[in-house]
1. With respect to the numbered conditions (1) touching a strand residue (DSSP E or B) at 6+ places or on another chain (Cβ under 7 Å); (2) in the same structural domain as ALA108 (by TED's automatic domain parsing); (3) part of a loop (DSSP other than H, G, I, E, B), which one is the sole condition not fulfilled by ASP245?
2. Do you know which of the residues in the range 181-211 that are under 12 Å from ILE28 (Cα atoms) and under 16 Å from the mean Cα position of the chain (by Cα) is surrounded by the most Cβ atoms within 10 Å (Cβ to Cβ)?
3. Please enumerate the residues belonging to the range 231-242 that are under 18 Å from SER194 (Cβ atoms), free of Cβ contacts under 8 Å to residues at least 12 places away in the same chain and outside any strand (DSSP E or B).
4. Of all residues in the range 30-80 being charged (D, E, K, R) and assigned to a loop (DSSP other than H, G, I, E, B), which is surrounded by the most Cβ atoms within 10 Å (Cβ to Cβ)?
5. Does the range 207-225 include one or more residues that are of a type in the set (A, V, I, L, M), within 21 Å of GLU57 (Cβ to Cβ) and in contact (Cβ under 8 Å) with a residue 60 or more places away in the chain?
6. Are any of the residues in the range 46-53 modelled with pLDDT under 95 and assigned by TED's automatic domain parsing to the domain that holds LYS29?
Amino acid sequence: MATKYSTGLRNLLERGKSLGEAFDDFIIKVFSGTAPSDADQVEGSGSLLCTITKASEEVLSTELSVAKQASIDITVAANDGKTIIVAINAVDYTYATVTADDNLLKVARKVALMLEGIPEIQAIAHATAAGDGKVAVKSSIAGLTFTIAKGGGGGGGTATWSVTDNTIANVRSDALQWGTPSNAQMAKPSEVWSGVNLLTGTATWFRIVRPDDTGALLTTAKRIQGAVSTTGAELNLMNINLVKDAILTIDTAVFNLPVS
């Protein structure tokens, strides 16, 4: 079975979201029996053998991570050559104002655009007037935090501005999350991915789904479906013969989009 992507997931990716954002919280459901023909279909005639979460913790359908939020308030910068240096995860990002930056709203928009290019965060100027230089910053993926501070050794350049950290604090749920992409791959981070087997049976296929996925026939759900085996499948386990109440652990997981 080749990896199958649901219509809802493909639509989301085509609208500009990343795969990490689509599955900022997910679980892995392992089944017996015959897999559905595609990832939109109802879960099928097999049985749910195990649900993989972080360290086997229960994940409710309503359980979601919360994205960290912070804010930047620029009060003096509408002059040519003034700099705003923001340190995200200890890396400095610098914006130097130009002649056209004749009000704080313009400066805030350009600072937000600069920060928006950082994969870990999203930024938007939420000012409503020319004299308002506010920028809101949040985690791109809820539950994955970031650090924000004045850069340039703490001086923040020649502009006058401030950072308010944790306007909303980061909260990580017990659902799974991928690690930071590297070499065009997303891998399991250094945490335990496991679940308690619900039944005894032979694992044959799996789905990666959001915690609130009911398993019904849907073209809006975000899902990835594949085969389970000991070798050569989309999910390879040490033993596919699962025993009720035993712990199933996934030690290694790597996801990559093909080059072509």
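1. Looking at each condition in turn, ASP245 falls short on (2).
2. Within the range 181-211, the match that is surrounded by the most Cβ atoms within 10 Å (Cβ to Cβ) is ILE208.
3. MET238, ASN239 - these are the residues of the range 231-242 that are under 18 Å from SER194 (Cβ atoms), free of Cβ contacts under 8 Å to residues at least 12 places away in the same chain and outside any strand (DSSP E or B).
4. Going residue by residue through the range 30-80, those that are charged (D, E, K, R) are 38, 40, 43, 54, 57-58, 63, 68, 73, 80.
Filter again for assigned to a loop (DSSP other than H, G, I, E, B), leaving 38, 40, 43, 57-58, 63, 68, 80.
Values: ASP38: 13, ASP40: 20, GLU43: 21, GLU57: 13, GLU58: 10, GLU63: 15, LYS68: 23, ASP80: 11.
Going through the qualifying residues, I end up with LYS68.
5. yes
6. Going residue by residue through the range 46-53, those that are modelled with pLDDT under 95 are 46.
Filter again for assigned by TED's automatic domain parsing to the domain that holds LYS29, leaving 46.
Yes; the residues of the range 46-53 include at least one that is modelled with pLDDT under 95 and assigned by TED's automatic domain parsing to the domain that holds LYS29.
The values are calculated or read from the model by the stated rules, or taken from the named source; none is laboratory data. Predicted model, so just to flag it, every value in this text is computed and none were measured. All Cβ positions, glycine included, derive from the backbone under ideal geometry; neighbour counts span all protein chains shown.
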